[in-house]
1. For residues in region 137-164 being among the acidic types (Asp, Glu) and assigned to a loop (DSSP other than H, G, I, E, B), which is surrounded by the fewest Cβ atoms within 10 Å (Cβ to Cβ)?
2. Of all residues in region 165-211 being over 12 Å from Asp149 (Cα atoms) and touching an Asp or Glu at 6+ places or on another chain (Cβ under 6 Å), which is surrounded by the most Cβ atoms within 10 Å (Cβ to Cβ)?
3. Identify, by number, the condition in (1) more than 20 Å from Gly5 (Cα to Cα); (2) touching a residue at least 24 places away in the same chain (Cβ under 8 Å) that Ser63 doesn't meet.
4. Within region 177-204, can you find the residues that are touching a helix residue (DSSP H, G or I) at 6+ places or on another chain (Cβ under 9 Å), over 20 Å from Gly71 (Cα atoms) and not in a helix (DSSP H, G or I)?
5. Does Tyr65 meet the test of being outside the structural domain of His189 (by TED's automatic domain parsing), hydroxyl-bearing (Ser, Thr, Tyr), at pLDDT 95 or above and closer than 14 Å to Leu108 by Cβ?
Amino acid sequence: MINNGIFTPEDRAASPYAYLPFEVPTGCQGLAVELDYDTSAGVLDLGCFGPNGFRGWSGGARSRYVITPSGATPGYLPGDLEPGEWSVVLGLHRIAAPTLRWRVDVTLGPIEMGADLAPLAGEAKPALPERPPRRRLPAEPGFSWLAGDLHAHTVHSDGDRTIDELAALAVGAGLDFLAVTDHNTVSHHPLLADAARRAGLILLPGQELTT
């Protein structure tokens, strides 16, 4: 299935999002979406909704995503593909020219996941660095201070590290906790508990929501 068209600054002013509906049949084993557009004319974000709601978002970090029952491109939620109307979501982040030409290809059926999971190749679990000595700060009896960071991104949005790589970096920096707040997605949330256990670190599920 192919969709194509032109966006203008007037389209961006009318609505920052465009929805491209398509039908998924019963028993579908996968879908792949690929976006192509003139990047010199602006920036388009990319996402997906199914009949039951949100299935993922990659913003401007990717031009392709795959969703199957057993796996998905980082930023997207794997699982059964419910039959019915789905939508490719295009975010009109910036239209810098009078016209921006775009094309979206949607492929349904068994999908080869290889290249789409390439950003997770680092999940070979990096060695943990030595944790620096903890600073002991004055605290009330029964309480203690923890060092942490409340804003971090991974390959599930626009970061360049896997969850385990990010956790190892936090350990090396002497942090006790880290909030993983990828843009507009929760695909990283199910993976945090295991990564936290491996790193000996508190990983808090978060999301940086664009409004």
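1. Among those that are among the acidic types (Asp, Glu) and assigned to a loop (DSSP other than H, G, I, E, B), it is Glu140.
2. His188
3. Against the list (1) more than 20 Å from Gly5 (Cα to Cα); (2) touching a residue at least 24 places away in the same chain (Cβ under 8 Å), Ser63 comes up short only on (1).
4. Phe177, Leu178, Val180, Gly200, Leu201, Ile202, Leu203, Leu204
5. Taking the combined requirement at face value, the residue satisfies it.
The values are calculated or read from the model by the stated rules, or taken from the named source; none is laboratory data. A quick note: this is a predicted structure, and the numbers were derived from the prediction, not measured. For neighbour counting, all protein chains shown are included, and Cβ atoms are generated from backbone atoms with ideal geometry for every residue, glycine included.
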